[in-house]
Ligand SMILES: [Cu+2]
């Protein structure tokens with residue numbers, strides 16, 4: 001009985017852990033507008049193929065947009081509130097310059113460097129989480145797993161002791 005409820009608690013904890021981990025989106029880079037209202041922040045970012053750059057600002061004093069020089073992406077008309085995402089697909093590695101059209105003349109210019117995706121032996125449908133070296137990227141779940149094993153061992157020993 002006691003062992004059973006302990007297992008349930010472990011399961012619940014495991015589920016919560018998973019949810020917490022999913023909330024983070026490590027593949028998204030947010031570019032906003034800084035307090036001077038005439039600069040992107042950060043104005044220069046480096047991402048990897050497959051990553052998403054999100055242009056996000058709200059309640060700005062001036063309307064802005066983000067337009068890539070060659071038209072690769074375009075957030076549309078300058079707005080005080082913008083939430084525009086662009087994903088750099090595999091094969092788009094390179095350096096891209098984008099501008100805020102109303103404020104390009106005063107230097108509201110940004111740069112995105114897209115690095116090639118790391119070579120992968122796995123199939124296309126596997127994301128970065130499927131790579132073999134995921135242990136280094138996810139220390140928390142690993143620690144949790146280790147803790148669970150210890151807890152289980154203690155639990156089993158107790159139930160055996162109680163007969
Ligand atoms: Cu602007």
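Points to keep in mind about this one:
- Share of pairwise Cα separations in segment 30-129, more than 18 Å, in percent: 45
- Highest mean packing first, where packing is the average number of other Cβ atoms within 10 Å per residue, the peptides 149-158, 27-36 line up as 27-36, 149-158.
- Label-to-label distance for residue 27 and residue 159 is 3.9 nm, based on points extended 7 Å past Cα in the beta-carbon direction.
- Each label point was placed 7 Å from the Cα along the Cα-to-Cβ direction; for residue 52 and residue 152 their separation is 3.4 nm.
Any read-out appearing in this document is the output of simple, stated calculations on the displayed coordinates, not a laboratory observation. Since we're looking at a predicted model, the values are computed, not measured. With ideal geometry, Cβ positions are generated from the backbone for all residues, glycine too; neighbour counts draw on all protein chains shown.
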